[in-house]
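These notes are about the structure you will find just below.
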Amino acid sequence: MDRSTPTVAELVRRAVEIADPDDRDPALGEFEEQLEDDDTPITAVENIEERLALAAEGADYEIENPSVSMATAVVLYLASKRGEASGDRNPRELLSLAARAQWRGDPPSAVADWLADRGVRR
């Protein structure tokens, strides 16, 4: 395995740290726990969207928590960059880029409010 290629667990951990730096959101903790042992290199995952959706559903049964939605968006954004964007961007910028990529600049209102509460431009 190429050590420079991040694993699913590494990208999920990074996304959760970005979305919840103070570790206060139990749904994000559940989301991370769902994938904490997934040592598959992100580039080897056939359908990362499906894997993340299953984990998100396990953490947020009603799929309403904007922090879980944003953590998923961050993982997808980082996966599209092979994880390389994680070290050279500040957290707010990553949240903004991930939201734009996931919802093409028009996130659901709960996510838009969540981003605004954190001073993130979409």
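The values are calculated or read from the model by the stated rules, or taken from the named source; none is laboratory data. No experiment lies behind these values; they were computed from the predicted model shown. Please note: Cβ atoms are built from the backbone with ideal geometry, for glycine as well, and neighbour counts cover all protein chains shown. The accessibility values were calculated without ligands, DNA or RNA, using every heavy atom of the protein model including side chains. Shrake-Rupley method; radii C 1.70, N 1.55, O 1.52, S 1.80 Å.
Some notes on this structure:
- Top-ranked residue in segment 78-93 [being touching a helix residue (DSSP H, G or I) at 6+ places or on another chain (Cβ under 7 Å) and modelled with pLDDT under 65; ranked as least open to solvent (accessible area, probe 1.4 Å)]: A85
- Of all residues in segment 15-35, those that are farther than 20 Å from A79 by Cα have Cβ atoms under 7 Å from Cβ atoms of residues that are open to solvent by less than 30 Å² (accessible area, probe 1.4 Å) and acidic (D, E), 6 or more apart or on another chain, in A27/D60.
- Checked against (1) in contact with a strand residue (DSSP E or B) (Cβ under 9 Å, 6 or more places away or on another chain); (2) within 22 Å of W103 (Cα to Cα), D39 passes all but a single condition, namely (2).
- Yes/no for V45 being modelled with pLDDT of 95 or more and surrounded by 13 or more Cβ atoms within 10 Å (Cβ to Cβ): no
- Number of residues in segment 1-42 that are open to solvent by less than 80 Å² (accessible area, probe 1.4 Å), among the hydrophobic types (A, V, I, L, M, F, W, C) and either closer than 19 Å to E64 by Cβ or part of a loop (DSSP other than H, G, I, E, B) (or both) equals 6.
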